[in-house]
Structures are given as structure tokens and as C-alpha cells.
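Here's the structure we're looking at; comments come further down.
The values are calculated or read from the model by the stated rules, or taken from the named source; none is laboratory data. Not measured: the values here are computed from a predicted model. Positions of Cβ are backbone-derived with ideal geometry, glycine not excepted, and every protein chain shown enters the neighbour counts. For accessibility, only protein heavy atoms count, side chains too; no ligands or nucleic acids. Shrake-Rupley method; radii C 1.70, N 1.55, O 1.52, S 1.80 Å.
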Amino acid sequence: MENNYKLNRLRELADNDQEFLEALAQTFLEEVPADANTLKEAVENENYMLTYQTAHKMKPTIDVFELGVLNELVDIQDWGKDEKRNEDVSMQLHKVLKAIDAAAEELKTDFNL
């Protein structure tokens, strides 16, 4: 449990309420993989605005679940915001997507979702 994500800050917020933590895990699973897919397509299609918006939306969740890829996500966000056409963020994207997939699988197992 909690190899690919951390619940430390969420436990504090939830005052260790297990039902609330389960609801947060469920929300993660409903939103973050879909956002990750949107982010992947936006980067691949060089849709800078959508890349920026999606990465910006994902930052708080990636941060609070402590996936360890916040800096990479910020790099992707900035790539989109500043339309950095001469930069390649594919390595950062790969790392972010891999972390999200691993966390999602682990959350499903840990919370029986």
C-alpha cells in the first residue's frame, strides 16, 4: 500500500476518515486517468492551450497524492503555456503517465475499487 502514491496529507485533511479517503481515491480514479489521456493527446497534437489547461488542472491532485512527478507536470504545463515549440516534453509526459497508471492500479487494489 502507498508505494506509488502517498496519503499523508489527505489523512490529515480527512482526520483519518476512511470513507472520505475512499471517496478521494474514487474521485482520483474517475478524473485523473481521463485527464492524463487528454494531456497525452494534447501534447502529441501540439495543442498548447489544452496542454496548459489540463496540466494546470491536474497539478493539485498530483501534488496532494504525492506521485513524485509534480516537477515534470509543471514542465509540461509551461511547455503548453509558453508554446515552447523547440522543446520536447515527451520524457516528462512518459514519466507522468507512468506514475498516474501505477497510482491508479494501486488505488484500485488498496481500496477495492
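Taking amide H atoms as placed 1.01 Å from N in the peptide plane, the amide H of GLU66 lies under 5 Å from those of LYS6, each 5 or more residues away in sequence or on another chain.
Computed on the chain, with alpha-carbon pairs under 8 angstrom and 6+ residues apart, the relative contact order is 34 percent.
Net charge near LYS57, counting Lys/Arg +1 and Asp/Glu -1 over other residues with Cβ under 15 Å of its Cβ?
Numbers: positive: LYS40, LYS59, LYS81; negative: GLU30, GLU31, ASP35, GLU41, ASP63, ASP78.
Taking every other residue near LYS57 into account, the sum is -3.
Taking all pairs of different Cα atoms in the chain, averaging 1/r and flipping that mean, what Kirkwood radius in angstroms comes out?
Final number for the Kirkwood radius of the chain is 14.3 Å.
Working note: Karplus 6.51/-1.76/1.60 with θ = phi - 60° gives region 94-100 the couplings 4, 5, 5, 5, 5, 5, 5 Hz, where Gly and Pro are set to x. Over the chain, dividing the summed -39,500 (n - 2.57) contributions of all DSSP H runs of at least 4 residues by the number of residues returns a 222 nm mean residue ellipticity of -25000 deg cm²/dmol. What's the carbon and sulfur percent of region 64-111's accessible surface, probe 1.4 angstrom, rounded to a whole number? Carbon plus sulfur share of accessible area: 45 percent. Among the trypsin sites (Lys or Arg not before Pro) in region 1-107, those located in a DSSP loop and surrounded by at most 11 other Cβ atoms within 10 Å of their own Cβ are ARG85. The string of couplings for region 26-43 from the Karplus curve (6.51, -1.76, 1.60, θ = phi - 60°) is 4, 5, 3, 5, 6, 9, 5, x, 5, 5, 4, 5, 4, 4, 4, 5, 5, 5 Hz, one whole number per residue in order, with x for Gly and Pro. Using the Kirkwood radius over Cα pairs, work out the Stokes-Einstein diffusion coefficient for region 15-69 at 4 °C and 1.567 mPa s, in µm²/s as a whole number. The Stokes-Einstein estimate is 106 µm²/s. Coupling constants for region 68-75 follow from the phi torsions by the Karplus curve (6.51 cos²θ - 1.76 cosθ + 1.60, θ = phi - 60°), and in residue order they are x, 10, 4, 4, 5, 5, 5, 4 Hz; glycine and proline get x. Annotation: lysines with alpha-carbon distance below 19 angstrom to LYS6 (same-chain offsets under eight excluded): LYS59, LYS95, LYS98, LYS108.
Sort out for me the Cα centre separation of region 1-37 from region 55-113, rounded to whole Å. Each part's Cα centre sits 15 Å from the other's.
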